[in-house]
Amino acid sequence: MAVAIHAQRWLMTAPKVPLVLEAFDASPGAGEVTVEVAGCGVCHTDLGYFYDGVRTNHPLPLALGHEVSGRVAAAGAGAEEWIGKAVIVPAVLPCGECDLCKRGLGTICRKQKMPGNDIQGGFASHIVVPARGLCPVDERRLAAAGLELAEVSVVADALTTPYQAVQRAGVKPGALAVVIGAGGVGGYCVQVASAFGAKVVAVDVDDAKLEAVKSSGASLTLNARTLEHKALKGAIADFAKQNGLRPTEWFIFECSGTAAGQTTAWGLLVHGATLCVVGFTMDKVELRLSNLMAFDARALGNWGCPPEQYPAALDLVLEGKVKVKPFVEPLPLKDINRVFEAVHHREISKRAVLVP
Ligand SMILES: [Zn+2]
Ligand SMILES: [Zn+2]
């Protein structure tokens, strides 16, 4: 018998009830690894479970957290090669064996495991996950980029979800990309679209967030609070004209996860446009779906990012094309209840990354 791995995790027992600390044995099973958590980002989705009553697939009590980086401390049978390695745990771990996975459709694998939703999550000292799909982190390159392992936890979700959206949309050099919602996920969407060669317009209702993305890939920033729908679209059209970009085929990324943002995004459809829904909200919007047909446009969504694409997304960070350091705020895991409150009340504008 293997020796028990003494670990601790913060459990959600019911919505809005303070999380409680639990001790557990983090020994891995066959094909699994135990990752000693370096950092776990606090995502909008975690707050949705905690504050808005969004149901987790795994019954409560459950440790939330699906944005994990860390070091493999133990491995079960067949996963020994991972011991000691620095890794990022993808937010969605496909089974790798079903018909969908075999056809490269891991993001819709019905047996997929999402930490903090299907299995115990990363607001913990350790997390046990399937080894398949882990993204190795080259620590020499990490150090050369001036980054800590905890800081690249955001690659697990905040970065890779927009990465997959940009990739799937087919953004190419010379494209015009509009990102609605410039904080968190949207901020990375701005940087990734820019790294793919697009000229990027960022739209938000918060001037501080717009200011932050100005130096990180946004060529134009617009505040949707001060511009009517028509004026907003007009300003983007003028920008396209001045920069020799097409008035058609815009790529629109809705990252705000709000009904207002979705309405704005829909209003920006032009001929041949691609609308990507990156943010999530339970709210509904009213729209004329026929605009897709009239504009010969398309609307896409993506549930996370296939693990195979994580190394390329991480490369953007290690090469300095996507900056993470200015957008993360490492905070002690023991303060998790206070941090949830602060993020919920928008007192922390950066991505909070909880460090055990
Ligand atoms: Zn998330
Ligand atoms: Zn599968």
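The values are calculated or read from the model by the stated rules, or taken from the named source; none is laboratory data. None of the values given here were measured: they were computed from a predicted structure. Please note: Cβ atoms are built from the backbone with ideal geometry, for glycine as well, and neighbour counts cover all protein chains shown. Just the protein is used for accessible areas: all its heavy atoms, side chains included, with ligands, DNA and RNA removed. Shrake-Rupley method; radii C 1.70, N 1.55, O 1.52, S 1.80 Å.
Counting only residues that are closer than 20 Å to residue 45 by Cβ and free of Cβ contacts under 8 Å to residues at least 60 places away in the same chain, which one in the stretch 94-110 is nearest to ligand 2 (Cβ to nearest atom)?
Looking at residues that are closer than 20 Å to residue 45 by Cβ and free of Cβ contacts under 8 Å to residues at least 60 places away in the same chain, I get 109.
May I ask you to verify whether residue 53 is of a type outside the set (D, E, K, R), surrounded by 17 or more Cβ atoms within 10 Å (Cβ to Cβ) and modelled with pLDDT under 95?
no
Looking at (1) open to solvent by 10 Å² or more (accessible area, probe 1.4 Å); (2) of a type in the set (Val, Ile, Thr); (3) touching a residue at least 60 places away in the same chain (Cβ under 8 Å), find the lone condition where residue 155 falls short.
Result: residue 155 passes all but (1).
Within the stretch 178-227, can you find the residues that are of a type in the set (D, E, K, R), open to solvent by 50 Å² or more (accessible area, probe 1.4 Å) and in a strand (DSSP E or B)?
199
Considering the stretch 121-130 alone, what residues qualify as being away from ligand 1 (no atom under 16 Å from the Cβ) and not hydroxyl-bearing (Ser, Thr, Tyr)?
Residues satisfying the conditions are 124, 126, 128, 130.
Given 54, 37, which one is among the aliphatic types (A, V, I, L, M) and farther than 24 Å from residue 5 by Cβ?
54
Across the stretch 115-156, what is the total count of residues that are acidic (Asp, Glu) and over 19 Å from residue 188 (Cα atoms)?
Of the residues in that region, 3 qualify.
Do the conditions hold for residue 325, that is, is it surrounded by fewer than 20 Cβ atoms within 10 Å (Cβ to Cβ), basic (Lys, Arg) and farther than 29 Å from residue 196 by Cα?
no
Per-residue answers, yes or no, for (1) among the acidic types (Asp, Glu); (2) in contact with a Pro (Cβ under 7 Å, 6 or more places away or on another chain); (3) farther than 19 Å from residue 135 by Cβ:
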{"residue": "289", "(1), (2), (3)": "no, no, yes"}
{"residue": "302", "(1), (2), (3)": "no, no, no"}
{"residue": "317", "(1), (2), (3)": "no, no, no"}
{"residue": "337", "(1), (2), (3)": "no, yes, yes"}
{"residue": "352", "(1), (2), (3)": "no, no, yes"}
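For the stretch 18-36, which positions are buried (at least 17 other Cβ atoms within 10 Å of the Cβ) and out of contact with any Ser or Thr (no Cβ under 6 Å at 6 or more places or on another chain)?
19, 24, 27, 32, 33, 34, 35, 36
Please count how many residues of the stretch 83-114 are part of a loop (DSSP other than H, G, I, E, B) and either within 16 Å of ligand 1 (Cβ to nearest atom) or hydrophobic (A, V, I, L, M, F, W, C) (or both).
10
Do the conditions hold for residue 71, that is, is it within 16 Å of ligand 2 (Cβ to nearest atom) and modelled with pLDDT of 95 or more?
So residue 71 does not fit the description; no.
Residues of the stretch 83-93 being crowded, with 21+ Cβ neighbours inside 10 Å and either away from ligand 2 (no atom under 16 Å from the Cβ) or under 23 Å from residue 3 (Cβ atoms) (or both), which ones?
87, 88, 89
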